[in-house]
Every structure is written in C-alpha cells, then in structure tokens.
Amino acid sequence: MKKFLIIIEKTDTGYSSYSPDLAGCVATGSTKKEVEKNMYEAIQFHLEGLEAEGLSIPDTNTESEVMVFA
C-alpha cells in the first residue's frame, strides 16, 4: 500500500488537486468532496498506466505540515 500526498486548492470555479509525487496527475471538481473522489480515481488510473508501461511506481518524497500563526 502506498500513500500519496495530494494538494487541494480552491479556485474561482470549484477545486483543483495534484500530487507532488506523481507528475502530471491532476483532478478538478466543483466541490471538495468531488475533487477528492476525482483525485483518488486519477491516482488509480495513473498508477495503472505506469504498471502497464512497465514503469515503477515512484517513491513518495513529500510531507505536509500545517503551521499556525497568531
């Protein structure tokens, strides 16, 4: 099992998402829930494509942290 960090950004028309560890793997949605679902499916499709091409699944190199400022 692999875990991939995804970044979700609010846009003027909804939400967009990408994974820093999976170049070119992106998704959009009109709600946060929709973009999360679409990104999950995009990652599955991306990984299946890598495997079909005989390429290895990349190691995860990114981490996240939330910093709070007063």
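Yes/no per residue for (1) surrounded by 10 or more Cβ atoms within 10 Å (Cβ to Cβ); (2) out of contact with any Phe, Trp or Tyr (no Cβ under 9 Å at 6 or more places or on another chain); (3) over 17 Å from LYS3 (Cβ atoms):
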residue: GLY29; (1), (2), (3): yes, no, yes
residue: LYS32; (1), (2), (3): yes, no, yes
residue: GLN44; (1), (2), (3): yes, yes, no
residue: ALA52; (1), (2), (3): no, yes, yes
residue: ASP59; (1), (2), (3): no, yes, no
residue: SER64; (1), (2), (3): no, yes, no
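Within segment 56-70, being among the hydroxyl-bearing types (Ser, Thr, Tyr) and without any contact (Cβ under 8 Å) to a residue 24 or more places away in the chain holds for one residue alone: SER56.
Residues are listed down the side, and each one gets a yes or a no for (1) assigned to a strand (DSSP E or B); (2) more than 20 Å from GLU65 (Cβ to Cβ); (3) among the polar types (S, T, N, Q); (4) touching a strand residue (DSSP E or B) at 6+ places or on another chain (Cβ under 9 Å):
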| residue | (1), (2), (3), (4) |
| --- | --- |
| MET1 | no, yes, no, no |
| PHE4 | no, no, no, no |
| ILE8 | yes, no, no, yes |
| ASP12 | no, yes, no, no |
| SER17 | yes, no, yes, yes |
| PRO20 | no, no, no, yes |
| GLY24 | no, yes, no, yes |
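Do we have GLU36 as farther than 11 Å from PHE4 by Cβ and without any contact (Cβ under 8 Å) to a residue 24 or more places away in the chain here? No: the conditions fail for GLU36.
Residues are listed down the side, and each one gets a yes or a no for (1) more than 9 Å from the chain's Cα centre (by Cα); (2) in a strand (DSSP E or B); (3) among the aromatic types (Phe, Trp, Tyr):
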{"residue": "ALA27", "(1), (2), (3)": "no, yes, no"}
{"residue": "VAL35", "(1), (2), (3)": "yes, no, no"}
{"residue": "MET39", "(1), (2), (3)": "no, no, no"}
{"residue": "HIS46", "(1), (2), (3)": "yes, no, no"}
{"residue": "SER56", "(1), (2), (3)": "yes, no, no"}
{"residue": "THR60", "(1), (2), (3)": "yes, no, no"}
{"residue": "VAL68", "(1), (2), (3)": "yes, no, no"}
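Where a number appears in this text, it was derived from the coordinates with a stated rule and is not lab data. This structure is a prediction, so every number in the text was calculated from the model and none was measured. All Cβ positions, glycine included, derive from the backbone under ideal geometry; neighbour counts span all protein chains shown.
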